[in-house]
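Asks: My structure is below; once you've seen it, I'll send some questions.
The values are calculated or read from the model by the stated rules, or taken from the named source; none is laboratory data. Keep in mind it's a predicted model, so treat the numbers as computed, not measured. Positions of Cβ are backbone-derived with ideal geometry, glycine not excepted, and every protein chain shown enters the neighbour counts. Please note that ligands, DNA and RNA were not included when accessible areas were found on the heavy atoms of the full protein model with its side chains. Shrake-Rupley method; radii C 1.70, N 1.55, O 1.52, S 1.80 Å.
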Amino acid sequence: MSPRNFTEWLLAHRILVLLASFIVLISCVAGVQRLDFSADYRVLFSDKNPQLKAFEEMEEIYGKRDNLMIAVAPDDGNVFTKETLKVIASITEKAWETPYSVRVDSVTNFQHTTASEDDLTVASLFENIDALSTQDIEERRKISIAEPLLYNRMISETGHVAAINIMINTPENATLEQQFEIVNYVRDLITEAEANTPNIKYYLTGETLMGFSAIEAAMYDGKTLFPIMYVLILLITYLFLRSAWGVFSVLVIIILSTAAAIGLTGWVGIQLSTLSAMAPVIILTLAVADSVHILVTVFQEMSEGTGKREAIVRSMEVNHQPIFLTSITTAIGFISLNSSDVPPFGDMGNIVAMGVLMAWFYSIVTLPVILDYLPLKARERSVHSEALMNRLADYSLKRRNELGVAFSLILVFGAYCSTLNQFNDLFPEMYGEQITFRQHTDFVRENLTGVMQIHHAIRAKEANGVYEPEYLRQLDRLTAWYGDQTGVTHVESYSSTIKRINKSLHADQNLYYRIPDTREEAAQYQFLFELSLPYGLDMDNILTSERDESRLTVTMGNVESRDLVILEARARTYAEKYLPDIQLMEGVGASVMMGHAARRNGESMMLGAPLAVMIISLIVIISLKSFKLGVLSLLPNLAPGIIAFGLWGVLDGKLGIAAAPTATIAFGIVVDNTIHFFSKYLRAKRVNGYSTEEAIHYSFHRVGTALGTTTTILASGFLVLALSAMAPNLFMGLMTAISLVISLGITYFILPTLLSYIDKDVETEQVSKELKKVA
């Protein structure tokens with residue numbers, strides 16, 4: 001059935017079509033009740049991720065490292081007052097009741113060691129705070145500031161901020177309710193403390209909250225981006241179409257497509273996360289394009305005297321194939337994100353692909369019927385618009401040599417500048433400053449300690465080998481080496497603990513703040529120490545049960561992911577070269593995984609992206625029935641991404657986890673301009689028998705305005721993502737918008753130039769040959 005016959009059938013059975021469309025919508029939307037959202041930051045890493053596997057293996061030995069950290073900052077700038085210390089002690093005690101908590105550490109319950117002759121006493125550093133004198137508190141303050149396990153981790157350098165660290169053993173595949181239960185309990189603690197102590201500020205951060213904040217970021221984006229995008233898209237659509245009913249029809253298609261895609265997400269079992277939750281916003285933007293192309297043609301036909309129903313039929317006849325092709329190619333571009341090493345990008349790609357295909361379905365089936373019902377009125381022919389399109393066509397043909405040279409230079413320069421980009425980002429700044437978690441984390445980074453960590457397993461040669469003096473000395477050397485590195489704020493090491501015990505058992509003489517002389521001494525000191533430890537504050541988080549391995553944790557401040565990865569590799573090189581009695585295992589942790597994520601994602605997309613380009617190009621070749629134009633389309637389709645990333649290389653040069661997916665997404669979208677232009681161009685040549693130059697003018701006349709309209713809408717929609725509370729979404733929106741604008745410029749000025757060179761008329765070529773013979 002031809003597009004004309006199909007559209008005529010739809011218009012002859014309008015009620016049946018609307019009923020069927022409604023049934024499809026209800027069937028899809030029913031899947032909403034199956035939707036699930038994950039707040040676990042680990043969803044960013046695939047099961048095959050080697051850093052995730054190594055991290056989980058360490059957690060099996062030492063327990064999970066998920067945490068919530070409460071920073072306490074009194075207005076007087078001194079935590080070592082009775083009032084503030086009592087607050088810290090109270091919160092520390094109550095924090096043990098946090099759901100799934102396994103350990104709570106603070107400056108008040110730090111297990112300080114003292115000795116009387118051969119007896120070792122281990123007790124909380126601050127006990128019976130009311131009974132402590134000013135001198136007692138001052139002595140303990142000095143101990144806190146001098147203690148390596150507290151300094152720049154649980155207490156700031158000047159003592160103006162202290163921390164309470166809650167270790168959480170979150171259940172495997174924890175439900176959203178369980179995650180809310182954890183965070184809400186701690187937030188209630190802070191709310192209670194704020195009410196009782198208005199002179200103290202409280203800040204909450206930690207890995208558990210990092211995942212939970214993904215929900216808040218998604219809610220923020222949903223509340224702000226959706227309304228802004230709806231208003232912006234509809235306003236721009238009205239400015240171009242000058243028809244309220246036309247805008248209404250676009251709004252209906254947007255709502256139907258987005259709702260159907262969200263419902264289908266539930267049916268296919270895709271778990272939403274912060275990144276994949278952006279899919280509806282993207283669908284909202286993309287769904288407009290099909291409708292606009294159909295509406296622009298309808299109004300063009302009506303302005304030339306065609307009746308409304310015939311105008312609808314002609315519009316569908318002209319746009320049916322290009323809309324189908326652009327929907328398929330865009331869907332393929334997003335589906336290729338399944339090759340990403342970051343699963344939520346694959347989820348987002350699948351959701352958007354479903355939305356794009358639903359937008360095609362409703363645009364082809366439902367929109368013609370809606371338009372037939374609406375009281376659309378013919379507009380006067382836009383003389384200014386037609387004149388502008390004619391001038392663009394004339395200019396691109398007249399200046400084709402200059403434009404060709406300029407484009408070649410810009411493309412080469414863009415390709416070179418794109419090599420200036422490096423996979424590198426700042427993990428703590430993944431959330432925008434509008435999110436409370438980011439604000440609190442920034443405070444902790446600036447006033448207390450870093451939030452990026454590397455965890456190392458340090459293996460000894462045998463069981464109980466951690467007590468060997470040479471093992472401990474080399475562990476201490478590694479601790480000191482890490483402490484000297486730029487960006488490192490704290491190093492937690494077993495060597496610090498054993499040196500402190502040794503000092504305590506030797507009358508607290510500073511001379512004995514060193515590694516015990518014999519293995520037997522170290523083992524005995526450790527035994528005495530552990531006998532006195534209270535429940536929950538044992539050494540299982542830093543030593544294995546066989547005592548053949550210890551854990552080293554390095555905390556860093558504002559260190560970029562690339563520098564973190566380099567530092568971790570340098571540490572292993574240093575240990576291998578200078579520390580033969582310890583085996584330093586590969587560093588693990590959320591920060592390490594994020595440090596490798598951008599590079600791994602780029603490498604994984606090296607399969608999906610080229611495959612998507614090949615498939616899309618093949619579809620273009622087959623559908624256009626022109627190998628020459630299909631191959632030619634690669635240049636205007638790939639160039640926008642190359643130039644955009646070249647521009648980014650000059651302006652910033654840092655690529656995060658969204659870089660590789662963005663390049664693929666941009667290609668899948670910008671190809672739409674080429675398809676629409678080529679389809680009108682070939683129709684002019686094959687059906688109307690136009691020459692190359694006439695066909696170019698025909699394309700500008702028929703689709704030039706629509707391309708300008710859709711590009712403006714799409715670019716504006718993606719620019720709204722720059723307001724997102726998530727850095728990956730911001731980057732994706734900004735770069736896609738830039739690519740779309742560049743693509744429109746190439747379509748207007750470079751495509752005609754290329755066609756005039758590549759697709760010369762046979763008659764023109766014969767005349768040229770004859771002139772050469774005469775010459």
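Asks: Which loop-located GluC sites (Glu not before Pro) does segment 306-381 contain, where loop means any DSSP state but H, G, I, E or B and the Cβ has at most 11 other Cβ atoms within 10 Å?
Replies: E380
Asks: What is the angle, in °, between the Cα long axis of helix 279-303 and the longest principal axis of the Cα atoms in the chain? Nearest 10 is fine, range 0 to 90.
Replies: Taking the Cα atoms of the chain, the angle to 279-303 is about 10 degrees.
Asks: Here's another thing I want to ask about it. For segment 362-420, run through the trypsin sites (Lys or Arg not before Pro) and keep only the ones in DSSP coil with at most 16 other Cβ atoms within 10 Å of their Cβ.
Replies: Here the trypsin sites (Lys or Arg not before Pro) that fit, given the DSSP loop and packing criteria, are K377, R379, R381, R399.
Asks: What angle, in degrees between 0 and 90 and rounded to the nearest 10, separates the Cα long axis of helix 561-578 from the longest principal axis of the Cα atoms of the chain?
Replies: 40
Asks: Using a 7 Å offset from Cα along Cα-Cβ at D484, what residues in segment 573-612 end up with backbone N under 14 Å from the label point?
Replies: Residues passing the 14 Å test: 574-575, 578-579.
Asks: May I ask you to derive the relative contact order of the chain, considering only C-alpha pairs under 8 Å and at least 6 residues apart, and to give it as an integer percent?
Replies: Over the chain, the number comes to 19 percent.
Asks: Given a Förster distance of 30 Å, report the FRET efficiency between Y512 and Y535 from their Cβ-Cβ distance, rounded to the nearest 0.05.
Replies: 0.55
Asks: Moving on to the next point. Cα gyration tensor of segment 260-317, axes a ≥ b ≥ c as square roots of the eigenvalues: rounded (a/c below 1.5), prolate (a/b > b/c) or oblate?
Replies: It is prolate, given that a/c is not under 1.5 and a/b is the larger ratio.
Asks: Also: Can you give the local net charge around S133? Use residues other than it whose beta-carbon is closer than 14 angstrom to its beta-carbon, Lys and Arg +1, Asp and Glu -1.
Replies: Charge balance in the 14 Å sphere: -2.
Asks: Determine the share of the chain's accessible area contributed by carbon and sulfur atoms, expressed in whole percent, with a 1.4 angstrom probe.
Replies: 57
Asks: With an 8 Å Cα cut-off and a minimum separation of 6 or more residues, compute the relative contact order for segment 425-562 in percent.
Replies: In percent, rounded to a whole number, it is 40.
Asks: What whole-number distance in Å separates the alpha-carbon centres of segment 111-159 and segment 457-535?
Replies: 19
Asks: Further, regarding this structure: Using the alpha-carbon atoms, what tilt in degrees (0 to 90, nearest 10) does helix 50-62 show relative to the longest principal axis of the chain?
Replies: Value to nearest ten degrees: 30.
Asks: So with the 1.4 Å probe, I'd like the accessible area per residue for the chain, rounded to whole Å².
Replies: 41
Asks: Shifting gears a bit: Could you report the accessible area of I643 in Å², rounded to 10, computed with a 1.4 Å probe on the protein chains as they sit in the structure?
Replies: Looks like 30 Å² after rounding.
Asks: Continuing with this model, one more query. For L232 and K398, calculate 0.36 nm times their separation in residues minus their Cα-Cα distance, and state this gained length in nm to one decimal.
Replies: The L232-K398 span can extend by a further 56.2 nm.
Asks: With each run of n ≥ 4 DSSP H residues scored as -39500 (n - 2.57), what mean residue ellipticity at 222 nm is computed for the chain after dividing by its residue count and rounding to the nearest 500 deg cm²/dmol?
Replies: It comes out at -21000 deg cm²/dmol, rounded to the nearest 500.
Asks: Grab the Cα-Cα distance for A146 and T81, subtract it from 0.36 nm times how many residues apart they are, and report the gain in nm with one decimal.
Replies: Difference between extended and current length: 21.6 nm.
Asks: Enumerate the aspartates and glutamates that K760 could reach by cross-link, defined here as Cα to Cα under 16 Å, with residues fewer than 8 away along the same chain left out.
Replies: E693, E694, E770
Asks: Gain in length, S385 to Y574, computed as 0.36 nm per residue apart minus the alpha-carbon separation, to one decimal in nm?
Replies: Here the answer is 61.2 nm.
Asks: 7 Å from Cα along Cα→Cβ at both Q271 and W96: what's the point-to-point distance in nm?
Replies: Going from the Q271 label point to the W96 one covers 3.3 nm.
Asks: Hey, rough spin-label estimate for L132 and A20, points 7 angstrom out along Cα→Cβ, what's it come to in nanometres?
Replies: The answer from the label model is 7.8 nm.
Asks: Need the list of lysines near K48 for cross-linking: C-alpha distance under 27 angstrom, and skip anything on the same chain fewer than eight residues off.
Replies: Filter leaves K64, K654.
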